[in-house]
1. Using the charge dipole of the chain (Lys, Arg: +1 at Cβ; Asp, Glu: -1 at Cβ; taken about the Cα centre), state which of ALA231, ALA77, ALA219 has its Cα farthest towards the positive end.
2. With label points built 7 Å along Cα→Cβ from the Cα atoms of ALA28 and VAL223, find their separation and express it in nm.
3. As a test of the formula, what do you get for the chain when each DSSP H run with n ≥ 4 contributes -39,500 (n - 2.57) and the sum is divided by the residue count, at 222 nm and rounded to the nearest 500 deg cm²/dmol?
4. Averaging sequence separations of C-alpha pairs under 8 Å and six or more residues apart, then dividing by the length of the stretch 133-234, give the relative contact order as a whole percent.
5. What dipole magnitude, in Debye to the nearest 20, does the chain give about its Cα centre under +1 on Lys/Arg Cβ and -1 on Asp/Glu Cβ?
6. In square angstrom, rounded to the nearest 10, how much accessible surface does VAL157 have for a 1.4 Å probe?
7. Compute the FRET efficiency between SER93 and GLU251 as 1/(1 + (r/R0)^6), taking r as their Cβ-Cβ distance and R0 = 45 Å, and round to the nearest 0.05.
8. log10 I(q)/I(0), Debye, Cα-only the stretch 145-240, no solvent, q = 0.10 Å⁻¹?
Amino acid sequence: MAEARDPKGVTREGPTPSDVFSSRFGGAATHVARAPGRVNLIGEHIDYNDLPVLPMAIQREVRLVYRPREDGVVRVANVDPEFDPVEFEIGPSTPPGPAGNWGNYLKAPAVELARRSAISRGMEGVVSSSVPVASGLSSSTALLNALGLALAVVNEVSLAPMDFAQLMADAERYTGTRGGGMDQAISVGGRVGHAARIAFAPLRMRHIVVPGDWRFIVAHTGVRAEKSRHAREAYNQRRSECERALASVAERGLQSHLVPTAPQGYPDLLRMMGSQAAIAAATEVLPAPLLSRFRHVVSEAARVDQAADCLSRTDFSGFGALMDDSHCSLRTDYEVSSEELDDLVDIARDGGAAGARLTGAGFGGCIVALASSDTVDAVLAAIAEQYYQPRGMSDRLGDCLFVAAPSAGASVDAL
Ligand code: GLA
């Protein structure tokens, strides 16, 4: 047993990945695959509508130390005893385990790579993670990407980064969540010191420098956002509400000759009609709650473009105001916030943040708040005193509250 300290300061008592590796598999791992979590700065619940988003990769990451095998078996253990070891044979039709089982995030990339690239070589490895689980920071995608990358390297599958990210996005559907492609893309394509504007269909990424004196604070409510379990239905429901809303507004657009042909998706609809005309048409045809869902999607897409401009122009207060608007829209129109998320957002703002919002799918998890190098300590102190202290969570500050560093995407190295 040893104290495992990740480079960013999260300290955990317990066996190291190499201890677990040698006791489970014998000998030593030969490689490490790492994939970061992410914080989405703005553009929430719109990636699955093929509308752009603006996340950055963070310093919290999943690490998988592994050794290739000659056969097609994958055996993976986790240093966290909450997760039982997983073993399966690579193949295009490996069945998933029960919904929410972490093994599904290991099987997903293996199945997709077997389908697309006929991979056949497995590996044994040990996972450790500094991304809090079910926190809206994309721990599950980081896991999926780390295993996918390891298997791609073991099987000598070489893909351009965005092609690999798209493959991982397709793979994640195996787990039962109909997510978009944001998390996979930023975890693969993140760049130190940068956020990225990501557009979809086809997947593409534009890196934008994060000004040196901007600080993005991440604060966890302490409530798990179990996307893979309880919140999965609500998430999938939002997604189908968006599809139904799009179909009705598109039909209305055609009937009233606002669009020449049937739009293929949200980007097409907005290009043809413009945001204002689209919302006006929606107001005429959509019942509640579809109208408010639609309004969130369209307004959030506009905010992403404005926010990308603010970032490029280093317009600090402009960016913060857009984060506030985004939260408001997610709370009232999209209904994915919670009392705890709203509390944290209010505390961060009152403590001096330029803006704050829930990040990730919502239903618990984290907020992200924008501060400057001058105000960051005051905002951190306000959150610690007003949110964590009264809830008796002060001993968890290291895990729950941190300043996100814009970080590099996934990689594999020999050990
Ligand atoms: C989850 C999904 C993403 C995205 C966000 C909400 O993180 O995996 O694709 O939809 O929720 O913005």
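The values are calculated or read from the model by the stated rules, or taken from the named source; none is laboratory data. Quick caveat, the model's predicted, so the values are computed rather than measured. Using ideal geometry, Cβ is built from the backbone for each residue, glycine included, and neighbour counts are taken over all protein chains shown. Just so you know, the surface numbers come from the protein's heavy atoms only, side chains and all, with ligands and any DNA or RNA stripped out. Shrake-Rupley method; radii C 1.70, N 1.55, O 1.52, S 1.80 Å.
1. Farthest along the dipole direction, towards plus: ALA77.
2. 4.7
3. On the way: 13 runs with 168 residues, N = 415.
-13000 deg cm²/dmol, from helical runs alone.
4. Numbers: 89 pairs, mean separation 29.5, N = 102.
Rounded, it is 29 percent for the stretch 133-234.
5. Numbers: 40 positive and 50 negative charges, 163 e Å.
The calculation lands at about 780 debye.
6. 30
7. Details: r = 38 Å, r/R0 = 0.84.
Efficiency, from the Cβ-Cβ distance: 0.75.
8. -0.36
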